[in-house]
Amino acid sequence: MHIETGTIARSPGASTPGWRLQKERPNVFGYRDHPIERGRPAEVEKDLPDEIRGRLRHTNIHAIESRQLHDLAANLFWEGYISEDAFVELAIYAYDHAGTLDLSTWLDRARTTIRDPGFAQYRCAIRIYEATIDAVEGLSGLVDYLNGQLLDEVA
């Protein structure tokens, strides 16, 4: 029996948002040129595979099942749309909170937590929260954009 192992050899183009993000946050599978994390919805949407596009159109970040969140985060990480830090935090959140989740609640708590002066000593945790905040904000904007609820304008 022959078994092949390996990862996708994905490398974002020079000076793209994905190229900039890879310098700060790891993704062993490589980033897309326009990742969801820190991405602009109109740019991310251009590069989105049909399967993910369809899945996101039917995603409600205010009422997402914990298993669905875990699977979505894993898929987005593997496809190069979010960082390893964001994936791990979302996966842990999904496992710790069975049932229906509201990611806007997580987002509010995360923002409050990283502003807490007592949390400043936990640089690794802050890095993970910042990555996940960027991913959830990007995901929320992309879902709204795909459903015609958000216009993505260049300021």
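Numbers below:
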{"quantity": "Chain lengthening between Val28 and Asn147 when straightened (0.36 nm per residue, less Cα-Cα)", "calculated": "39.8 nm"}
{"quantity": "Isotropic mean projected area of the C-alpha convex hull, the chain (nm²)", "calculated": "11.3 nm²"}
{"quantity": "Label point distance in nm, Glu43-Thr16, each placed 7 Å from Cα along Cα→Cβ", "calculated": "1.1 nm"}
{"quantity": "Globularity ratio of segment 57-149, using Cα Rg and 2.2 N^0.38 Å", "calculated": "1.06"}
{"quantity": "Inter-site label distance for Glu51 and Gln121 at 7 Å from Cα along Cβ, in nm", "calculated": "4.6 nm"}
{"quantity": "Two-site label geometry, His62 and Glu137: point separation in nm, points 7 Å out along Cα→Cβ", "calculated": "2.0 nm"}
{"quantity": "Surface per residue (accessible, 1.4 Å probe) for segment 1-93, Å²", "calculated": "53 Å²"}
{"quantity": "Cβ-Cβ FRET estimate between Asp102 and Asn75, R0 fixed at 22 Å, reported to 0.05", "calculated": "0.60"}
{"quantity": "The chain - mean residue ellipticity at 222 nm from DSSP helices (-39,500 (n - 2.57) per run, n ≥ 4, rounded to 500)", "calculated": "-16500 deg cm²/dmol"}
{"quantity": "Dipole in debye (nearest 20) - segment 1-153, about Cα centre, beta carbon charges: Lys, Arg +1; Asp, Glu -1", "calculated": "300 debye"}
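The values are calculated or read from the model by the stated rules, or taken from the named source; none is laboratory data. Being a predicted model, the structure only gives us computed values, none of them experimental. Here the Cβ is made from the backbone with ideal geometry for all residues, glycine too, and neighbour counts use every protein chain on show. Please note that ligands, DNA and RNA were not included when accessible areas were found on the heavy atoms of the full protein model with its side chains. Shrake-Rupley method; radii C 1.70, N 1.55, O 1.52, S 1.80 Å.
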